[in-house]
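**Q** Got a structure for you, questions after.
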Amino acid sequence: SSPLASNPNLPYALSMSPPAAKKAKTASKHVTAPPPDNKLVRPLLTDMYQLTMCYAYWLSGRHELPSHFELFFRKAPFAGEITVAAGLDQVLSFVEHFSFDEADLSYIHKLMPNADAKFFDYLRSLDCSAVRIEAVPQGTLVFPRVPIVTVSGPLGVCQLLETTLL
């Protein structure tokens, strides 16, 4: 079965391969996302809520449970009825290159000084190899309350992706 068949409302599907390969898979071709253009868009572009939730999932052993998030908008901008999907290349680039560096981990440790040291090992090893992104193609007209991007994968890493992707 084609990965595109999983959700007919989202015609673009992507599964992240292991980071060493740095390739993204679509239904019929392989593409590689370049590193993010904006150096400010990094895994630390999140909030304390996401880090705390990830830690809670990790502590309870739930961080590897399957999860599914949908990204949509409630109201079209400029008092319009529809909008044009854009920015998918930046989403794919961020997800493909997602990893915390040692400076990130040091900062998170300052924010969460009482966190178990093994949690930082978990964060150090995180990647998006088990994350699946489904999205409408760039340039598609989209309506409010209809998912533009869906993110599926382990609960811990998907929780950390949420703020940046929103």
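The values are calculated or read from the model by the stated rules, or taken from the named source; none is laboratory data. Because the structure is predicted, anything quoted here is derived from the model rather than measured. So basically every Cβ, Gly included, is an ideal-geometry build from the backbone, and we count neighbours across all protein chains shown. Only protein heavy atoms, including side chains, enter the accessible area calculation; ligands, DNA and RNA are left aside. Shrake-Rupley method; radii C 1.70, N 1.55, O 1.52, S 1.80 Å.
**Q** Does region 121-144 include one or more residues that are in contact (Cβ under 8 Å) with a residue 40 or more places away in the chain, under 30 Å from Gly80 (Cα atoms) and among the hydroxyl-bearing types (Ser, Thr, Tyr)?
**A** Yes, there is a match, as at least one residue in region 121-144 is in contact (Cβ under 8 Å) with a residue 40 or more places away in the chain, under 30 Å from Gly80 (Cα atoms) and among the hydroxyl-bearing types (Ser, Thr, Tyr).
**Q** So, in region 99-139, how many residues would count as being in a loop (DSSP other than H, G, I, E, B), in contact with a Lys or Arg (Cβ under 9 Å, 6 or more places away or on another chain) and of a type in the set (A, V, I, L, M, F, W, C)?
**A** Taking region 99-139 first, the residues in a loop (DSSP other than H, G, I, E, B) are 99-101, 112-116, 126-131, 136-139.
Filter once more, keeping what is in contact with a Lys or Arg (Cβ under 9 Å, 6 or more places away or on another chain): 99-101.
Right, trim to of a type in the set (A, V, I, L, M, F, W, C) and you get 100.
Summing the residues that are in a loop (DSSP other than H, G, I, E, B), in contact with a Lys or Arg (Cβ under 9 Å, 6 or more places away or on another chain) and of a type in the set (A, V, I, L, M, F, W, C) in region 99-139 gives 1.
**Q** Note down all Cβ pairs under 8 Å where the first residue falls in region 85-110 and is free of Cβ contacts under 8 Å to residues at least 24 places away in the same chain, the second is surrounded by 14 or more Cβ atoms within 10 Å (Cβ to Cβ), and they're at least six residues apart or on different chains.
**A** That search, which allows pairs on different chains as well, returns Leu105/Phe120; Leu105/Leu123; His109/Ala115; His109/Phe120.
**Q** Could you tell me how many of the residues in region 84-140 are aliphatic (A, V, I, L, M), open to solvent by 50 Å² or more (accessible area, probe 1.4 Å) and in contact with a Pro (Cβ under 8 Å, 6 or more places away or on another chain)?
**A** Residues flagged as aliphatic (A, V, I, L, M), open to solvent by 50 Å² or more (accessible area, probe 1.4 Å) and in contact with a Pro (Cβ under 8 Å, 6 or more places away or on another chain) within region 84-140 amount to 1.
**Q** Of all residues in region 46-69, which are in a strand (DSSP E or B) and surrounded by fewer than 14 Cβ atoms within 10 Å (Cβ to Cβ)?
**A** Pro66, His68
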